[in-house]
Structure formats: structure tokens, C-alpha cells
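**Student:** Please see the structure below; I have some questions.
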Amino acid sequence: QVQLVESGGGLVQPGGSLRLSCAASISIFSINPMGWYRQAPGNERELVATHTTGGSTNYADSVKGRFTISRDYVKNTVFLQMNSLKPEDTAVYYCNARFGRNTYWGQGTQVAVSS
């Protein structure tokens, strides 16, 4: 069983930045991959970014060049640095972890981009 706790969401103006954190209850050396997804009202949940233990990253086209995913293996935490935020980035952001044959989700953190 893996517990994931997200934090860092909030309200930000267009062009602003936020950093989301996802703390795992186990060593993230064992979790591959870890990632972030988001779901806006009325939309399906979509991939934002993933990160493997080998250091490979994958981003949705809509966030490339603006978002960066990274891991801190000491803190067992995955981060999503979000820059140049746009109103269309507004959504609930979920941390995702693949551990063994199971997939785990955090409870979500709300990001709202508005002036």
C-alpha cells in the first residue's frame, strides 16, 4: 500500500508559478514511474508529466517548456514546478504512483489560474 499526499495548490494569476509536492509513504526508489495528472470540470483526467527512476521524463504537449517534474529521493517526494501558468491549467492535480502491479492516487490538490 502506498499513501500519496499532495500539497502546493492554490490560486495564482496568469503568468505566475506554483510548485506542487507529492509525499509518498514509502521509498520512491521503489515507485516507477511517478507522475502528475489533472482533471478540469467536465473533462477526463489527463496526463501532465511522468518521471521514471532512470530519470526519463514525459510531458503533455500543452505543458512542455513550462512545467518540470522532479524527484527528491531523500524526502520521498515528487515535485511539479509549474511556470507561466495559463487559465486553461486550472484543474485538480493528482499525484500518481505505479508500485508493483498496482496504481495509486493522491487525494488531489486544486490549482486555479485567474486574474
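The values are calculated or read from the model by the stated rules, or taken from the named source; none is laboratory data. For clarity, every value in this text was computed on a predicted model and none was experimentally measured. Every residue, glycine as well, gets a Cβ built from its backbone with ideal geometry; the counts of neighbours run over all protein chains shown. Areas reflect the complete protein model, heavy atoms only, side chains present, ligands, DNA and RNA absent. Shrake-Rupley method; radii C 1.70, N 1.55, O 1.52, S 1.80 Å.
**Student:** Name the GluC sites (Glu not before Pro) in segment 35-115 that are in a loop by DSSP and that have at most 13 other C-beta atoms within 10 Å, would you?
**Tutor:** For GluC sites (Glu not before Pro) across segment 35-115 that sit outside H, G, I, E and B with at most 13 neighbouring Cβ atoms in 10 Å, the list reads E44.
**Student:** Which chymotrypsin sites (Phe, Trp or Tyr not before Pro) from segment 59-115 combine a DSSP loop assignment with at most 15 other Cβ atoms within 10 Å?
**Tutor:** Counting only loop positions with at most 15 other Cβ atoms within 10 Å, the chymotrypsin sites (Phe, Trp or Tyr not before Pro) in segment 59-115 are Y73.
**Student:** While we're here: How long are the semi-axes of the equivalent ellipsoid of the chain, taking √(5λ) for every eigenvalue λ of the Cα gyration tensor, in whole Å from largest down?
**Tutor:** So the equivalent ellipsoid measures 23, 14, 13 Å along its semi-axes.
**Student:** Over 10 Å intervals from 0, what percent of Cα-Cα pairs in segment 1-50 sits in each interval?
**Tutor:** 19, 46, 29, 6
**Student:** Among A24, A49, A60, which one moves the most in a GNM of the chain with springs linking Cα atoms closer than 10 Å?
**Tutor:** A60
**Student:** Still on this structure, please answer the following. Roughly speaking, what is the stretch gain from S84 to E46, that is 0.36 nm per residue apart minus the C-alpha to C-alpha distance, in nm to one decimal?
**Tutor:** 11.7 nm
**Student:** Another one. Once each part is reduced to its C-alpha centroid, what is the distance from segment 1-44 to segment 60-115 in angstrom?
**Tutor:** Value for the Cα centre distance between the two parts: 4 Å.
**Student:** Could you work out the relative contact order of segment 44-99, using alpha carbon pairs under 8 angstrom and six or more residues apart, expressed as a whole percent?
**Tutor:** Relative contact order for segment 44-99 comes out at 22 percent.
**Student:** Using each residue's phi in segment 102-115, evaluate 6.51 cos²θ - 1.76 cosθ + 1.60 at θ = phi - 60° and report the 3J(HN,Hα) Karplus result to the nearest Hz, with x for Gly and Pro.
**Tutor:** 10, 10, 10, 10, x, 7, x, 9, 7, 10, 10, 10, 7, 8
**Student:** Something else about it: Show log10 I(q)/I(0) for segment 33-91 at q = 0.25, 0.31 Å⁻¹, two decimals, from a solvent-free Debye sum over equal Cα scatterers.
**Tutor:** Here the Debye-derived log intensity ratios amount to -1.08, -1.38.
**Student:** Mark the label point 7 Å from the Cα of R66 along Cα→Cβ and return the residues of segment 72-115 whose backbone N is within less than 15 Å of it.
**Tutor:** Label zone hits: 81-93, 111-115.
**Student:** Tell me, what ³J(HN,Hα) does each residue in segment 20-31 have, in order and in whole Hz, if you take phi through Karplus 6.51 cos²θ - 1.76 cosθ + 1.60 with θ = phi - 60° and put x for Gly and Pro?
**Tutor:** Going residue by residue, I get 8, 10, 9, 8, 9, 7, 10, 4, 7, 4, 8, 10 Hz, with x marking Gly and Pro.
**Student:** Something else now. I'd like the carbon and sulfur percentage of the solvent accessible area for the chain, probe radius 1.4 Å, heavy atoms only, ligands and nucleic acids excluded.
**Tutor:** The C+S portion of the solvent-accessible surface of the chain is 46 percent.
**Student:** Out of S21, S56, S70, any idea which swings most in a Gaussian network model of the chain, alpha carbons joined below 10 Å?
**Tutor:** S56
**Student:** Something else now. To the nearest 10 square angstrom, how much accessible area does L11 have with a 1.4 angstrom probe?
**Tutor:** Only protein atoms counted, so the area is about 130 Å².
**Student:** Which is the longest run of the chain containing none of the trypsin sites (Lys or Arg not before Pro) found in DSSP loop states (not H, G, I, E, B) with at most 16 other C-beta atoms within 10 Å?
**Tutor:** With trypsin sites (Lys or Arg not before Pro) excluded where exposed in loops, the chain gives 1-44 as its longest stretch.
**Student:** I've got another one for you. Using the basic label-point model (7 angstrom from Cα toward the beta carbon), what is the T57 to Q110 distance in nanometres?
**Tutor:** 2.8 nm
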